[in-house]
Amino acid sequence: MPAHRHLHAENQVTLETIFDHHRHAPRVEWTDLVHLIEEVGTVRDKGDGVYQFVVNGEHHEYARPRHDAITNADELAALRHFLERARMTP
């Protein structure tokens, strides 16, 4: 996948992992996701484990996973759709 020209290498890897449909069970660490979003937008703690991500004018509320990693296919799909709307694809 081509590198997004404005991302640090670690955040590029996180973005690619989110969009990697070939991996059987992708795992995105919460801290890696937050670092990615902070580099391209904003992260706001709304309380009670809910965070609002804003990238390129697109908003997404996300509950912090209990085990500090996102592994659920539906959660990853929702995250991909948000990033696609925000024009942040690998």
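Things worth noting here:
- Checked against the criterion of being outside any loop (DSSP other than H, G, I, E, B), buried (at least 18 other Cβ atoms within 10 Å of the Cβ) and at pLDDT 95 or above, the range 61-81 contains not a single residue that satisfies it.
- Of all residues in the range 12-52, those that are hydrophobic (A, V, I, L, M, F, W, C), within 18 Å of His67 (Cβ to Cβ) and surrounded by 11 or more Cβ atoms within 10 Å (Cβ to Cβ) total 6.
- From Thr14, Thr31, Thr42, Thr89, residue being among the hydroxyl-bearing types (Ser, Thr, Tyr), out of contact with any strand residue (DSSP E or B) (no Cβ under 8 Å at 6 or more places or on another chain) and without any contact (Cβ under 8 Å) to a residue 40 or more places away in the chain: Thr31
- Enumeration of residues in the range 2-18 that are modelled with pLDDT of 90 or more and charged (D, E, K, R): Glu10, Glu16
The values are calculated or read from the model by the stated rules, or taken from the named source; none is laboratory data. Predicted, not measured: the structure shown is a model, and the values here were computed from it. Glycine gets a Cβ as well: all are built from the backbone with ideal geometry, and neighbour counts include every protein chain shown.
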